[in-house]
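Report on the following structure.
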Amino acid sequence: MPAFSLDPSQTAWCAELRDLAAERLRPVADKGEPGHVNRPLVAELGRLGLLERLFTSGAFDLCLMRESLAYACTEAETALALQGLGAHPVHAHGTRAQRERWLPRVAEGIAVAAFALSEPGAGSDAAALELRAEGDAAGEGEGESEGEGESPAAEPDGPARWRLTGEKCWISNAPEADFYTVFARTTPDAGARGVTAFLVPADRPGLTGTGLDMLSPHPIGSLAFDAVPVTADDVLGEPDRGFRVAMGTLNLFRPSVGAFAVGMAQAALDATLAHTAERDAFGGKLRDLQTVAHQVAEMALRTEAARLMVYAAATAYDEKAPDVPGRAAMAKLLATETAQYVVDSAVQLHGARALRHGHLLEHLYREVRAPRIYEGASEVQRGIIAKELYATMEAGQ
């Protein structure tokens, strides 16, 4: 598939997704409470079959979905992306029992997933995780919890092999998710080599959380682990190999974060084209001013360049190219920085009206800032790009 063009069926699908986002998903999104999981919206994504495509499509289709949904309904895009981010490690590394228990419920929009990697002291430096998975001597403490409610499955099915103790922070969908992909340190002082990925249901004893009031309206919170029991059946992949699970997931989703950004940039660009074509100013229209016309041209140029970079990175992922980490980092970096520039320029050209609460650009201005930080800040992406460049140079010597 050429990375620089869409075939007619893909173009039609993107148009259909934009229509669905505007007509079916936007009304449900508007009824949600900022900062909380919008379960009716997640369920609607499931009814439309979009969540199931998270597990049947490649990176390119994921990018098309995220870009198209973001254009008309950023809340729907984010709800879809967070389901994929939290559940992809189960899809890619889970046991048959784990997949059969959780993936159908995720696809139907019944179960909400979350990806729990970041910590108060380990955000950009993901290998510096401090959440401890300590060995549980002969299942000591098993069955001691007397949690309230109808949750007989709160305790793990088998004897606890580890107890998770520590904190996670800036976790999307926390503390309202139904299960978490949690990364914890199983081997002290081993850096990235001593991290294990666990599938942790939200009803495990000792797991609590608190929502965080953030600039963007996404559901984000912190998690506290107080000797949370996990077993060998909860491991995703292999013990001490969890960092690979995390990085593999991020290599898939980083280009699609770029697609999210491109969708927002395109929405801001189109709003600006309409506004500058209609707005009277200085005896003509805003578009007649050369400074305005050149600004709009620059916005379009950067948006299209970012889109092509995203498509190229997604195609490389689907084709299992060796340079996926570098391409994914480039795509996320360029697209998120571009979207910030385009949305900011759109606000400037719209003037004070764009700052009113409820205006499309006021919404996008709040939404566009976070992607430059999450799933690896822009500075982290530059570090990855440089590392891959030097590794390629040295391999060729």
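None of the figures in this text is laboratory data; all of them are computed from the coordinates on show. Just so we're clear, the structure is a prediction, and the values are computed from it rather than from any experiment. Ideal geometry is used to build each Cβ from the backbone, glycine not excepted, and the neighbour counts take in all protein chains shown.
What pairs in 168/332; 168/320; 285/332 have C-alpha atoms more than 30 Å from each other?
168/320; 285/332
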Counting only Cα, what are the radius of gyration and maximum Cα-Cα distance Dmax of the stretch 158-252, in Å?
13.5, 42
In nm, what is the difference between 0.36 nm times the number of residues separating residue 238 and residue 278 and their Cα-Cα distance?
8.5 nm
Under a crude label model (7 Å from the Cα following the beta-carbon direction), how far is residue 92 from residue 357 in nanometres?
4.0
Among (1) 22; (2) 9; (3) 16, the entry matching percent of Cα pairs over 41 Å apart as calculated here is (3)
Quick calc: nm separation of the 7 Å Cα→Cβ label points for residue 298 and residue 134 -> 5.6
Report, in whole Å, the centroid distance computed from the Cα atoms of the stretch 328-373 and the stretch 44-93.
21
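If you average the sequence gap of Cα pairs under 8 Å that are 6 or more apart and divide by the length of the stretch 244-395, what percent do you get for the contact order? Let's see the in-between values first.
Details: 180 pairs, mean separation 47.0, N = 152.
Computed over the stretch 244-395, the figure is 31 percent.
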Between residue 15 and residue 43, the two model label points (7 Å from Cα along the beta-carbon direction) sit apart by a distance in nm of 3.3
Highest mean packing first, using Cβ neighbours within 10 angstrom, the peptides 82-93, 319-330 sort as 82-93, 319-330
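How much of the DSSP bridge set in the chain is antiparallel, in percent, rounded to the nearest 5? Don't skip to the answer; put the middle values down first.
On the way: 30 of 36 bridges.
Here the antiparallel bridges make up roughly 85 percent for the chain.
Against the globular-protein guess of 2.2 N^0.38 Å, express the Cα radius of gyration of the stretch 60-133 as a ratio, rounded to two decimals.
Details: Rg = 14.6 Å, N = 74, 2.2 N^0.38 = 11.3 Å.
The value comes to 1.30.
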Mean separation of Cα contacts under 8 Å, 6 or more apart, over the residue count of the chain: relative contact order %:
16
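Taking only complete DSSP H runs, can you tell me which helices of the chain stretch 30 Å or more along their own long axis by Cα positions and average at least 0.5 on the Kyte-Doolittle scale? Each step should come with its number before you reach the end.
Details: long enough: 242-278 (54 Å, 0.65); 290-318 (42 Å, 0.20); 324-350 (38 Å, 0.36).
Going by DSSP H runs, the hits are 242-278.
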Based on Cα positions only, what radius of gyration and what Dmax would you give for the stretch 331-396, in angstroms?
16.4, 55
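In units of 2.2 N^0.38 Å, what is the alpha-carbon radius of gyration of the stretch 244-395? Don't jump to the answer; show the numbers that get you there.
Values: Rg = 17.6 Å, N = 152, 2.2 N^0.38 = 14.8 Å.
Output field value: 1.19.
With a ≥ b ≥ c taken as the square roots of the eigenvalues of the C-alpha gyration tensor of the stretch 1-114, please select rounded if a/c is under 1.5 and otherwise prolate if a/b is larger than b/c or oblate if it is not? Display every interim value, and only then the final one.
Working: a/c = 2.15, a/b = 1.13, b/c = 1.91.
Verdict is oblate for the stretch 1-114.
Just add up the charged neighbours of residue 272: K/R +1, D/E -1, any other residue whose Cβ is under 15 Å from the Cβ of residue 272.
Here the count lands on -2.
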